[in-house]
1. For segment 233-241, just list the computed ³J(HN,Hα) in residue order, Karplus coefficients 6.51, -1.76 and 1.60, θ = phi - 60°, integers in Hz, with x standing in for Gly and Pro.
2. Under a crude label model (7 Å from the Cα following the beta-carbon direction), how far is Asn272 from Thr208 in nanometres?
3. Within the accessible area of segment 228-292, what % is carbon and sulfur when the probe is 1.4 Å and the other protein chains stay in place?
4. I'd like the Karplus ³J(HN,Hα) series for segment 18-28: coefficients 6.51, -1.76, 1.60, θ = phi - 60°, whole numbers in Hz, and an x wherever there's a Gly or Pro.
5. So what J values fall out for segment 109-119 if you push phi through Karplus, 6.51 cos²θ - 1.76 cosθ + 1.60 with θ = phi - 60°, rounded to Hz, Gly and Pro as x?
6. Could you work out how much longer the chain between Lys91 and Ser37 gets when fully extended? Use 0.36 nm per residue separation minus the Cα distance between them, nm to one decimal.
7. If you filter segment 211-284 for GluC sites (Glu not before Pro), then keep DSSP loop positions with at most 14 other Cβ within 10 Å, what is left?
8. Can you give me the % of accessible surface on segment 81-126 that is carbon or sulfur? Probe 1.4 Å, all protein chains present, nothing else counted.
Amino acid sequence: MTALTQEEIVTNTKTVVQGLEALKNEHNSILNGLESSLKAAKQEKVDSNLMEEKVGIVQKSLDMIELGLGEAQVMMALASHLQTVEAEKQKLKAQVRRLCQENAWLRDELANTQQKLQASEQMVAQLEEEKKHLEFMNSVKKYDSDSVGNSSQAEDAPVEKPKEEQPLDLGFPDDDDDQQQEVLSPTPPGQMAAAANAGYEIPARLRTLHNLVIQYASQGRYEVAVPLCKQALEDLEKTSGHDHPDVATMLNILALVYRDQNKYKEAANLLNDALAIREKTLGENHPAVAATLNNLAVLYGKRGKYKDAEPLCKRALEIREKVLGSDHPDVAKQIGRAHV
């Protein structure tokens, strides 16, 4: 027997109800006829047992029909309720589908918004870096404008000798200068540049800043030279990393500025850092390494540590002999100062 669908059950139930209604009407008419006959028989005092038995059977059948009609009505009411529940179920399913679609759309919108937020954050970070760079460049331009006012005085100053004609000053005090060792005496620009950059060419992007720092330091304007040099170091380490020759050059310049201020401990730390960077990036036998060794020797000489300065001078001499040759004038000068 195949299972009936809900619609088929409702249809069959309606048919049964119609049949039961007709059967009920028929039983009511039979019962009415039997009751009339029973009354007549009682009036005529005829045996009415058979008649009463028939009335009881018809009445019982009528009760069964009423029960069937009640059950059919319950089934139809239940079917109507099930139809309502099914309709509500379908409605809820449609709402669930719509909510799923809206959820997927919201997820896509959230992902797009997050991407836009990340792009905006990156743009903000980039703009902040550009702002810092522009502020730094403006400060450089301000210092540059200050240096322009002193350019006329520089034009009247005596021309410095070429590098190869200048003696390489190790910074050791002469016999008659012992009493003036602690006096602040700015290093001349040419000598500071030679000490910081020997054997290494300054990139064009740093040349202006490099010259400004040296100029302010040679004028004794350390309150301008030191912050300018520190800012340049910070920018270089951000763009090129700490282990870079340009960083070593700026460390050398800042160390020479500290040396002129008698801040020997800070200067020694910076020079040792610059020496490590140059040995790592340029090689242990590079002229720039010899220059840094020479600067350390000068520093130890100013502090009276001649035993510590001697091996540095000898190593700088060995590097210059290996690179320049034993007959080079700079090597001869280095030999003379190694024996001081």
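The values are calculated or read from the model by the stated rules, or taken from the named source; none is laboratory data. On a predicted model such as this, the values are computed, not experimentally measured, just so you know. Glycine gets a Cβ as well: all are built from the backbone with ideal geometry, and neighbour counts include every protein chain shown. Surface accessibility is based on the protein's heavy atoms, side chains included, excluding ligands, DNA and RNA. Shrake-Rupley method; radii C 1.70, N 1.55, O 1.52, S 1.80 Å.
1. For segment 233-241, the Karplus curve yields 4, 4, 5, 5, 5, 5, 8, 10, x Hz.
2. So the two model labels end up 3.7 nm from each other.
3. Values: 1100 of 2380 Å².
That fraction is 46 percent.
4. With coefficients 6.51, -1.76 and 1.60, one gets 4, x, 5, 4, 5, 5, 5, 4, 5, 5, 5 Hz.
5. Values per residue, Gly and Pro as x: 5, 5, 4, 5, 5, 5, 4, 5, 5, 4, 4 Hz.
6. On the way: separation 54, 0.36 × 54 = 19.44 nm, distance 6.05 nm.
Gain on stretching Lys91 to Ser37: 13.4 nm.
7. On the way: sites: Glu223, Glu234, Glu237, Glu266, Glu279, Glu284; in loops: Glu284.
Those satisfying the criteria are Glu284.
8. 57 percent
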